[in-house]
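Contents: one structure, followed by commentary.
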Amino acid sequence: MRRFESAVAIAIVLTSLGTLFPRSKGWLAVFPLIITVATFGVQAFEEGPRWQMAPFYLSALFLGIGFLAAGRAAGRVQITAALASLIFSFAGVSLCEALPVFSFPKPTGKYGVGTQVRHLVDQHLLEPHVHGARVPRELMIQIWYPAERGVQGVRSVYRDRRTTSFWTSQLSLVRTNARVDAPIVPASKETGGYPVLLFSPSWSGQRVQNTFQVEELASHGYIIVAMDHPYGTEATVFPDGRVVRTTIGGGEDYSSAAAFKEFLRKANDETKSRASDVQFVLDTLEKWNVADPQGLLTGQIRLTAIGIFGHSLGGTVAIQACWLDPRLKAALDMDGMVAAESATEGAKKPVLFMMAESLVATGASLEGFSEQRRRTVEFNRAQEKLMKASLARYGGYWLVVAGTTHKNFSDSPLFSPLKFLSGAGKADPDRVFRITNAYSVAFFDKYLKQEDSQLLAGDPKDFPEVRLQAWEAEKVH
């Protein structure tokens, strides 16, 4: 719980006890009640109201009833009110703990982190998700970049309230480690600018969904550009106030042959569309490196050192974008798939496939499995073959983290310590974050900075739960 939420809980407990004092000492009840009301006000002002605090408000209501009670039944009413107040206070503590306003881990690199949000319009492409559209494709992007360590300024809000639901509204109260519009640390002339990484989110995910990772990469000297893909991203907020919701529905569906076929069609279409978004962002970055209208990135980008990464469908997009655009030098696919042309032709670049632990062993019999379960396992096995065919041809790494699920490679484990709510696996989420970040930095350092790492040499002493296979690219004669 945050400090003022804890203060509210303590004040309610004290006030509940105060209602039990005899009327001759009524001032002992009045004072805690005043403190409680004041604490509510401070909490709402400093940290923001949220629905998880509702039980505390009910506690205050019961306290008021107990305090105003009079007559013969006053004692019983006060005791009942105090007990009800304590019960609701306990419920409030439980909700605030189960769905917290969490904090992100501090980046470990030598830089601080700055961030900016920008609106892009692709005048050469009509919006493909709206039938008969005569409007250009628009994107919202967020940039994270190296700033002075300890730089002051406004901390970036994690999520815009309009991109959350009732159940996730607390995410709009979370603050990240990045400082809005902080000055960039100028890149040294010897390096020719900072390497750049593009990030594509999951099926309906948002550009901020891997903040734990992008902040870490920025602190190690990378510029990261993350994209919202309108009509795919759950909710995209534009500067003029428009909110565009996803129109592509849910993601993977193995429930029937027809549903599975429709999922594959959507995945292929979205992969191609989002890979085009990547190309447009690359074109824009080339222009900004010459003359950034906001002055931030002018001369700061090393155009020969650009990579891409993504989670789930975002990883699929990363592979397709590498196949499509030679400006990209390496890709990180976090528990995604492969689709479109790159599924059979490979990424044409080195890839780190970072995968969750499979619940069905390779080669295990599928006898007794339901049709849906069998379809899922068979698809995953076919995908693994395609991914490893790309590795065999273009090089890279296959990495599996024991005890993980799909959600572990995003911010989701931070949303709740209860794994049935966060979707995280049995592995410690903080440790998975450290593993993800360590291998992300090592992989991109190797291919974009030409800096080798013992981590990629297969030394398991720091992370024994990691299984890593290295693949050398085919030699071209």
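The figures follow:
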{"item": "For segment 148-186 versus segment 199-248, the gap between their alpha-carbon centres in whole angstrom", "result": "13 Å"}
{"item": "Spatial separation of Cα centroids for segment 405-447 and segment 101-121, in angstrom", "result": "17 Å"}
{"item": "Two-site label geometry, residue 110 and residue 461: point separation in nm, points 7 Å out along Cα→Cβ", "result": "2.4 nm"}
{"item": "Those residues of segment 339-374 whose amide nitrogen sits under 19 Å from the label point placed on residue 419, 7 Å along Cα→Cβ", "result": "355-361"}
{"item": "Residue 335 accessible area, 1.4 Å probe, all protein chains in place, Å² to nearest 10", "result": "30 Å²"}
{"item": "Within straight-line cross-link reach of residue 385, lysines at Cα separation under 28 Å, skipping those fewer than 8 residues along the same chain", "result": "261, 266, 272, 329, 348, 349, 407, 426, 446, 475"}
{"item": "Shape category assigned to segment 133-175 from the gyration tensor of Cα positions, a/c cut at 1.5", "result": "oblate"}
{"item": "For residue 194, residues with placed amide H under 5 Å, excluding near neighbours", "result": "301, 302"}
{"item": "222 nm mean residue ellipticity, helices alone, for the chain (DSSP H n ≥ 4; -39,500 (n - 2.57); rounded to 500)", "result": "-13000 deg cm²/dmol"}
{"item": "Options 90, 301, 173, ranked by Cα towards positive dipole end of the chain, top entry (Cβ charges)", "result": "90"}
{"item": "The chain - percent of accessible surface contributed by carbon and sulfur, probe 1.4 Å", "result": "59 percent"}
{"item": "Calculated SAXS-style log₁₀ I(q)/I(0) at q = 0.06, 0.07, 0.09, 0.10 Å⁻¹ - the chain, Debye, Cα scatterers", "result": "-0.33, -0.44, -0.68, -0.80"}
{"item": "DSSP-defined beta bridges in the chain - what % are antiparallel, rounded to 5", "result": "50 percent"}
{"item": "Positive-pole candidate from 340, 259, 104, dipole of the chain, charges at beta carbon", "result": "104"}
{"item": "Segment 134-234 - charge dipole about Cα centre, Lys and Arg +1 at Cβ, Asp and Glu -1, debye rounded to 20", "result": "240 debye"}
{"item": "Dipole in debye (nearest 20) - the chain, about Cα centre, beta carbon charges: Lys, Arg +1; Asp, Glu -1", "result": "1100 debye"}
{"item": "Heavy atoms of residue 108: accessible area, 1.4 Å probe, square angstrom to 10", "result": "100 Å²"}
{"item": "Mean Cβ neighbour count within 10 Å, used as a protection proxy, ranking 227-235, 120-128 highest first", "result": "227-235, 120-128"}
{"item": "Acute angle (nearest 10 degrees) that the helix 74-98 long axis makes with the longest principal axis of the chain, alpha-carbon atoms", "result": "10 degrees"}
{"item": "Chain lengthening between residue 474 and residue 430 when straightened (0.36 nm per residue, less Cα-Cα)", "result": "12.2 nm"}
{"item": "Loop trypsin sites (Lys or Arg not before Pro), segment 176-238 (other Cβ atoms within 10 Å of the site Cβ: 16 or fewer; DSSP)", "result": "189"}
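The values are calculated or read from the model by the stated rules, or taken from the named source; none is laboratory data. Keep in mind the model is a prediction, meaning the values are calculated, not measured. Cβ sites come from the backbone with ideal geometry, for glycine too, and all protein chains shown count toward neighbours. We work out accessible area using only protein heavy atoms, side chains counted, and drop any ligands, DNA or RNA first. Shrake-Rupley method; radii C 1.70, N 1.55, O 1.52, S 1.80 Å.
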